[in-house]
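Report on one structure; see the data block that follows.
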Amino acid sequence: MISVTVHRDEEGNISSFCVDGHSGYADPGEDIVCAAVSALSQTAVLGLETVLGLKPDVKKRDGYLAVAVDQPKCCRVLLEAMVLGLKDVAGTYPRHVKVLDEGPPKDRG
């Protein structure tokens, strides 16, 4: 199973995310679930670097991608779109992808 964990700052902006594991949906090279998750998460990294001109902290190895940004507010639209896509994939393939979105902080008022 692929586990995606989304971390947010105090304002609810995505400050980091981690994608870990393999979906097990199909053989490597033929796994559409893995391909979808990889395309969404790696396109987000490309957008951070190329479109926004940021230098996110990226750690990448087989079956693992961790990304942290130091300016979460300016990345909001790009990263929220990625999370929407990942949640959609998880909804379609719930036995193969899980998304843990910490969500914005609870109102303490």
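The values are calculated or read from the model by the stated rules, or taken from the named source; none is laboratory data. Everything numeric in this text was worked out from a predicted model, so none of it was measured. As a convention, Cβ positions derive from the backbone with ideal geometry for all residues, glycine included, and neighbour counts pool all protein chains shown. Accessible surface areas use protein heavy atoms only, side chains included; no ligands, DNA or RNA. Shrake-Rupley method; radii C 1.70, N 1.55, O 1.52, S 1.80 Å.
Restricting to region 80-104, give me the number of residues that are basic (K, R) and either in contact with a strand residue (DSSP E or B) (Cβ under 7 Å, 6 or more places away or on another chain) or part of a helix (DSSP H, G or I) (or both).
Residues that pass the stated criteria total 2.
How many residues, within region 78-103, are over 13 Å from the mean Cα position of the chain (by Cα) and open to solvent by 80 Å² or more (accessible area, probe 1.4 Å)?
3
I'm trying to understand the selection: among the residues of region 16-55, which are open to solvent by less than 30 Å² (accessible area, probe 1.4 Å), of a type outside the set (A, V, I, L, M) and touching a helix residue (DSSP H, G or I) at 6+ places or on another chain (Cβ under 6 Å)?
S23, G47
Going through region 63-80 one residue at a time, which ones are within 21 Å of S3 (Cα to Cα) and among the β-branched types (V, I, T)?
Within region 63-80, V67, V69 qualify.
Might you check whether a residue that is more than 18 Å from Y93 (Cβ to Cβ), assigned to a strand (DSSP E or B) and of a type in the set (G, A, S) occurs anywhere in region 65-77?
Yes.
Residues D9, D62: which one is closer than 22 Å to E102 by Cβ and either in contact with a Gly (Cβ under 8 Å, 6 or more places away or on another chain) or not small (G, A, S) (or both)?
D9 is the lone residue from the list that is closer than 22 Å to E102 by Cβ and either in contact with a Gly (Cβ under 8 Å, 6 or more places away or on another chain) or not small (G, A, S) (or both).
What pairs can you find where one residue is in region 87-109 and at pLDDT below 95, the other is outside any strand (DSSP E or B), and their Cβ atoms are less than 7 Å apart, with a gap of 6+ or different chains?
Within 7 Å, the pairs are D101/V83; P104/G12; P105/E10; P105/G12.
What number of residues within region 27-47 satisfy the criterion of being at pLDDT below 95 and either in contact with an Asp or Glu (Cβ under 7 Å, 6 or more places away or on another chain) or hydrophobic (A, V, I, L, M, F, W, C) (or both)?
0
Give me the pairs: first residue in region 26-43 and outside any helix (DSSP H, G or I), second residue open to solvent by less than 40 Å² (accessible area, probe 1.4 Å) and of a type in the set (S, T, N, Q), beta-carbon distance under 8 Å, and six or more apart or on different chains, which are they?
Cβ pairs passing all conditions: D31/S23.
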